[in-house]
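J.: Here it is: the structure, laid out below.
Throughout, read-outs are computed from the coordinates displayed, never taken from laboratory work. Keep in mind it's a predicted model, so treat the numbers as computed, not measured. Using ideal geometry, Cβ is built from the backbone for each residue, glycine included, and neighbour counts are taken over all protein chains shown.
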Amino acid sequence: MRIVTEYAWHSLFAHDLFIVPPPGSEHATDPSTSSGQAEFSPEFTVINAPMFEADPARDGTASSTFILVNLARRIILIGGTRYAGETKKSVFTVMNYLMPLRNVLSMHCSANVGQAGDVAIFFGLSGTGKTTLSSDPHRPLIGDDEHGWSADGVFNFEGGCYAKMIKLRQDAEPEIWAASHRFGTVIENVVMDPITRQLDVDDASLTENTRSAYPIDFLPNFVKSGMAGHPTNIVMLTSDAFGVLPPIAKLSAEQAMYHFLSGYTAKVAGTERGVSGVQPTFSACFGAPFMVHHPTVYAKLLGERIAHHKVDCWLVNTGWTGGVYGVGKRMKIAYTRAMLNAAIEGRLAGVKYETEPFFGLAVPTEVPDVPNDVLNPRNAWPDKGAYDAQAKQLAELFAENFKSFESHASKELLAVAIRP
């Protein structure tokens, strides 16, 4: 890749987020030349000009902002936006085109590995907790956001992390906090006191999409090679602002395929421009805007790997409990971590499960260090009738969304589809 930027901090962002070839490697630039890049022939070029705006009437764009990816010419043009994340996601889009052609599943996920070599991957849209939950002091991080799954195992596409800063707490997420306060980290959209220069991570007056971009080696516990073996656990994260999905549920292989194609979460006011109240979002493969091939191409690759490697799959709700957004409360991260650890470490293999009626999910009746009344979301609602009505409404949204995939679905997948 060659990255051409108008802003210096965009260049630093690319250096933090992408893999920089080590000196002396095949793709390293040659410092002996006058420019340091005379011998470098890029396979793709990104040109990021945030101050240049498109004219929708002349250029046929939807707005003055544009992110154009031309796979034939191997060039990416970005303009009309200062958000550095567009550089990251446009390159991810290229990888999502190239990798399946090589029988590699490209994934919008984070990944870590245990001391026994057991790999866990975490799917989820922005705001569901991928970065936070994969940063575990006891499990080295393979990568933060974008990976491939090949015949050899899982590998990181990137060289850095892009963490959300909103309401970040030093005691709850010390590694991300420390990395976000180091020199060389790029902070976006975070409000800063003009006198003390202290960051106010609780201030969402600009947006809740506040970000920290830093090299992965800013973390104390990461896999230096960026590679590991095949996953033993797959976790699909959702932030259900309707407050009806269970905090953790065991998925069959077919259910995992269903939820991978659904890619559900719910956005709330402040996360994106124009979002008010609670807005359900279905993004196939947990990254629909960046998936170049049909979603079933990626789903097929995932299903084959789950079956071949006998992977345990889980649905985890990091969103609301006890009521919808504005009424209920956000699930405690300590509970979520306890549930995840129990699942990944195999401590939920022998517990009893109950099937809840609206989504057909197998919910454990007990999890170490988590109160039992937290596990069944219906129990957390004061008004059980209101819960039932809200759960039925969300189930209907799942069913409506899945209609576009029914013609491509196997009979096994259709058998687990949510039908209110």
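J.: Identify which of Met331, Met291, Met107 has the largest mean-square fluctuation in a Gaussian network model of the chain, with springs joining Cα atoms closer than 10 Å.
T.: Met331
J.: Taking the Cα centre of each part, how many Å lie between segment 133-191 and segment 337-364?
T.: 26 Å
J.: How high is the relative contact order of segment 228-416? Use alpha-carbon pairs under 8 Å, at least six apart in sequence, and give a whole percent.
T.: It rounds to 29 percent for segment 228-416.
J.: Now, a different point. Take every Cα-Cα pair in segment 83-149 and report what % of them are more than 16 Å apart.
T.: Pairs farther apart than 16 Å: 52 percent.
J.: Residues with amide H under 5 Å of Ile142's amide H, sequence separation 5 or more or different chain, H placed in the peptide plane at 1.01 Å from N; which?
T.: Distant-sequence amide H within range of Ile142: Ala111, Asn112, Val113, Val223.
J.: Now, a different point. Springs between alpha-carbon pairs under 10 angstrom, Gaussian network model over the chain: which of Gly184, Gly153, Gly385 fluctuates most?
T.: Among Gly184, Gly153, Gly385, the largest GNM mean-square fluctuation belongs to Gly385.
J.: Among DSSP bridges having both ends in the chain, what percentage is antiparallel? Round to the nearest 5.
T.: Restricted to the chain, the bridges split so that about 70 percent are antiparallel.
J.: What is the calculated FRET efficiency for Ser404 to Ser150, with r their C-beta to C-beta distance and R₀ = 30 Å, to the nearest 0.05?
T.: 0.55
J.: With a bin width of 5 angstrom, please list the P(r) values of segment 1-82 as percents of all Cα-Cα pairs, from the 0 bin to the one holding the largest distance.
T.: 3, 13, 18, 22, 19, 11, 7, 4, 2, 0
J.: Where does segment 198-238 land on Rg(C-alpha)/(2.2 N^0.38 Å)?
T.: 1.77
J.: Now for a separate question. With unit charges on the beta carbon (Lys/Arg positive, Asp/Glu negative), name the residue among His27, Ile3, Asn70 whose Cα is farthest towards the positive pole of the charge dipole of segment 1-82.
T.: Asn70
J.: Right, something else. Under 8 Å for C-alpha pairs, at least 6 residues apart: give me the relative contact order for the chain, rounded to a whole percent.
T.: Computed value for the chain: 13 percent relative contact order.
J.: While we're on this one: Quote to one decimal, in nm, the extra length available between Met192 and Asp388 on full extension: 0.36 nm per residue of separation minus the C-alpha distance between them.
T.: Working it through step by step, the gained length comes to 66.2 nm.
J.: Give the Cα extents of segment 228-416 along the principal axes, in whole Å, largest first.
T.: 43, 42, 31
J.: Quick one: which residues, 5 or more positions from Val4 or on another chain, have an amide H under 5 Å from its amide H? H modelled 1.01 Å from N in the peptide plane, none for Pro or chain starts.
T.: Val46, Ile47, Asn48
J.: When the dipole is taken about the Cα centre of the chain, and only Lys, Arg (+1) and Asp, Glu (-1) are charged at their Cβ, what size is it in debye, to the nearest 20?
T.: 520 debye
J.: Counting only other residues whose beta carbon sits under 13 Å from that of Thr321, what net charge do I get with K and R as +1, D and E as -1?
T.: Net charge in that neighbourhood comes out at +2.
J.: OK, next. Figure the gain on full extension for Lys332 and Leu101 (residue separation times 0.36 nm, minus the Cα-Cα span) and round it to one decimal in nm.
T.: Extending this stretch completely gives an extra 79.1 nm.
J.: Using DSSP to call loops (not H, G, I, E or B), can you name the trypsin sites (Lys or Arg not before Pro) in segment 210-270 whose Cβ has at most 13 other Cβ atoms within 10 angstrom?
T.: Lys224
J.: Another one. If I stretch the segment between Lys352 and Phe183 completely, what's the gain in nm (0.36 nm per residue apart, minus their alpha carbon distance), one decimal?
T.: Between Lys352 and Phe183, full extension yields 56.0 nm more.
J.: Residue by residue through segment 71-81, which ³J(HN,Hα) values in whole Hz follow from phi under the Karplus form 6.51 cos²θ - 1.76 cosθ + 1.60 (θ = phi - 60°), with glycine and proline marked x?
T.: 6, 5, 8, 6, 9, 10, 10, 10, x, x, 8
J.: Assign unit charges at the C-beta atoms only (+1 for Lys and Arg, -1 for Asp and Glu), then state the dipole size of segment 53-195 relative to its Cα centre in Debye, rounded to the nearest 20.
T.: Dipole about the Cα centre, nearest 20: 280 debye.
J.: For q values of 0.20 Å⁻¹, compute log₁₀ I(q)/I(0) with the Debye formula on a Cα-only model of segment 375-420, without solvent.
T.: -0.70
J.: Further question: Mind checking segment 49-140 for trypsin sites (Lys or Arg not before Pro) that DSSP puts in a loop (not H, G, I, E or B) and that have at most 16 other Cβ atoms within 10 Å?
T.: Qualifying residues, ordered by number: Arg73, Arg74, Arg82.
J.: Could you tell me what a quarter of the Cα convex hull surface of the chain works out to, in nm² with one decimal place?
T.: Over all viewing directions, the chain projects a mean Cα-hull area of 22.4 nm².
J.: On to the next question. What trypsin sites (Lys or Arg not before Pro) in segment 280-388 are in a loop by DSSP, with at most 16 other Cβ atoms within 10 Å of the Cβ?
T.: Answer by residue number: Lys310, Lys332, Arg347, Lys352.
J.: When ranked by the protection proxy of mean other Cβ atoms within 10 Å per residue, highest first, what sequence do the peptides 339-346, 113-120 form?
T.: Highest to lowest by the protection proxy: 339-346, 113-120.
J.: Calculate the translational D of segment 114-227 in whole µm² s⁻¹ from Stokes-Einstein, where the hydrodynamic radius comes from the Kirkwood formula applied to all Cα pairs, the temperature is 20 °C and the viscosity 1.002 mPa s.
T.: For these conditions, the coefficient is 144 µm²/s.
J.: Of Gly360, Gly319, Gly127, which is the most mobile in a GNM of the chain whose springs link Cα atoms less than 10 angstrom apart?
T.: Of Gly360, Gly319, Gly127, the most mobile in the Gaussian network model is Gly360.
J.: Using helices alone, I'd like the mean residue ellipticity at 222 nm for the chain: each DSSP H run of four-plus residues gives -39500 (n - 2.57), total over residue count, nearest 500.
T.: So the calculated ellipticity at 222 nm is -7500 deg cm²/dmol.
J.: Decide, for segment 17-135, between rounded, prolate and oblate: order the square roots of the alpha carbon gyration tensor eigenvalues as a ≥ b ≥ c, take rounded if a/c falls under 1.5, and otherwise choose prolate if a/b is larger than b/c, else oblate.
T.: oblate
J.: Of the cross-linked pairs Lys310/Lys352; Lys332/Lys411; Lys130/Lys310, which ones have a Cα-Cα span greater than 32 Å in the structure shown?
T.: Checking Cα-Cα distances, Lys332/Lys411 exceed 32 Å.
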